[in-house]
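Written out below as structure tokens is the structure these notes cover.
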Amino acid sequence: MAENLIIADGGKEEKYSMLFKQIEALVAGESDEIANMANAAAMIHATFGFWWTGFYRVNGNQLVLGPFQGPLACSRIGYGKGVCGTAWKEQTTQVVADVELFPGHIACSSLSRSEIVVPVWRGDKVVAVLDIDSEHLATFDDIDRTWLEKIVGLLYTANMG
């Protein structure tokens, strides 16, 4: 499937629409959550060229690094800590235009300038977060929020444990 990844030449909405369809088709035939997270991270990263794209999985009272694309990352993040921990605690997508202005931001990389973190739900429980960092300020907006929430909604389908 990876060799068949089509990156749309149009605007952000068109890219997300095509990406959503590709991820939907990919996860429909795969029940392993790690495989689906790995492919989703790779496809988002390839489509948009973000600085870092990946997942942190809930493990007890911490988020533990999961599948990702990009440079070295923090391995563990506490509940309510940083942008990722805040998204988990508040159970809402966090869109941060300037990470330097986010109280308690965890700087895994000094090159990260803006960030979006989207909770991944299984039923009524947050089981992971999708974390995307950009080297540029104010990269993410409501278009990203809307589409990324739809994309992570695909990760836990009826055929998954």
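Before moving on, here are some points about what is shown:
- Dipole axis of region 1-105 (+1 Lys, Arg; -1 Asp, Glu on Cβ), positive-most option in ALA73, GLY104, TYR16: GLY104
- Amide H contacts of GLY66 (H built 1.01 Å from N, in plane; Pro and chain starts excluded): PHE55, TYR56, ARG57 sit under 5 Å, all sequence-distant by 5 or more or on other chains.
- Sequence-distant lysines (8 or more away, or on other chains) whose Cα lies within less than 27 Å of LYS21: LYS12, LYS125, LYS150
- Student exercise, region 30-161 dipole from Lys, Arg, Asp, Glu Cβ charges, in Debye to nearest 20: 380
- To put it simply, the accessible area of the chain at a 1.4 Å probe is 51 percent carbon and sulfur.
- Which of ILE44, VAL117, GLY82, positive extreme of dipole for region 26-161 (C-beta unit charges): GLY82
- Listed by chain and number, the aspartates and glutamates placed with their C-alpha closer than 14 angstrom to that of LYS81 are GLU90, ASP131; residues fewer than eight positions away on the same chain are left out.
- FRET efficiency for SER109 and ALA28, using Cβ-Cβ distance with R0 set to 35 Å, rounded to 0.05: 0.55
- For region 122-132, 3J(HN,Hα) per residue [Karplus equation, 6.51 cos²θ - 1.76 cosθ + 1.60, θ = phi - 60°, Hz, x = Gly/Pro]: 10, x, 9, 10, 6, 10, 6, 9, 8, 10, 10
The values are calculated or read from the model by the stated rules, or taken from the named source; none is laboratory data. Computed from a predicted model, the values in this text were never measured in an experiment. When we count neighbours, we look across all protein chains shown, and the Cβ atoms used for this are built from the backbone with ideal geometry, even at glycine. For accessibility, only protein heavy atoms count, side chains too; no ligands or nucleic acids. Shrake-Rupley method; radii C 1.70, N 1.55, O 1.52, S 1.80 Å.
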